[in-house]
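Okay, structure first, notes after.
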Amino acid sequence: MTKALPTTLGTLTDKNINLLKRLNSAIFPVKYSNEFYQELLRDIDLTRFAFYGSDILVGAVTCQKNVVNDTTQELYIMTLGVLAPYRRGGVGKVLLDWLLNESAPKPPQVKRVY
C-alpha cells in the first residue's frame, strides 16, 4: 500500500449536490436518477465527500438507513467510490471509518452494514 493521502471529509448540501453527480458519473458506469440525489438530500448525515487535502474532491460515500424495529437499524451503502488516481491512498478507508464510527453507532443501534 502506498502512503495514506491527506484526506478531509465534507458534508452534502443542496448547494454541492452537483459535485456528487459529476463525481459519480466519473467513477461509476451507471447514471443515477435525480430521485436518487433528492433522496440523499433528505438525510444528508449519511453522505460524505472525501477531499484530497481540503479542496480536491476525490471520493464519496452515500448510505441509507433501513429500520428493522424500534431498536435496530441496518445501514445500506449505496455508493462508495474514489477517483482512479487517488485509489490505494487510504481514501476509501477514511470514508468507511467515518461510516462505521460516526454514522453507524447513533441510536437506534445499527446492527448490520451492507
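The values are calculated or read from the model by the stated rules, or taken from the named source; none is laboratory data. Note that this is a predicted model, so its numbers are computed, not measured. We place every Cβ from the backbone using ideal geometry, glycine too, and count neighbours over all the protein chains shown. For accessibility, only protein heavy atoms count, side chains too; no ligands or nucleic acids. Shrake-Rupley method; radii C 1.70, N 1.55, O 1.52, S 1.80 Å.
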Filter segment 61-99 for residues that are of a type in the set (S, T, N, Q) and over 21 Å from T8 (Cα atoms); which is modelled with the highest pLDDT? Q64
Contact list please: Cβ distance under 6 Å, first residue in segment 13-35 and over 15 Å from I56 (Cα atoms) and free of Cβ contacts under 8 Å to residues at least 24 places away in the same chain, second residue β-branched (V, I, T) and surrounded by 10 or more Cβ atoms within 10 Å (Cβ to Cβ), pairs at least six apart or on different chains. none
Does Q73 satisfy the criteria of being open to solvent by 40 Å² or more (accessible area, probe 1.4 Å), in contact with a strand residue (DSSP E or B) (Cβ under 7 Å, 6 or more places away or on another chain) and in contact (Cβ under 8 Å) with a residue 12 or more places away in the chain? no
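Only one of E39, E102 is among the acidic types (D, E) and either open to solvent by less than 50 Å² (accessible area, probe 1.4 Å) or modelled with pLDDT under 90 (or both); which? Break it down into steps so the answer makes sense when it comes.
Details: E39 fails: either open to solvent by less than 50 Å² (accessible area, probe 1.4 Å) or modelled with pLDDT under 90 (or both).
Unique residue meeting the criteria: E102.
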Kindly indicate whether A60 is of a type in the set (G, A, S), within 15 Å of the chain's Cα centre (by Cα) and open to solvent by less than 80 Å² (accessible area, probe 1.4 Å). yes
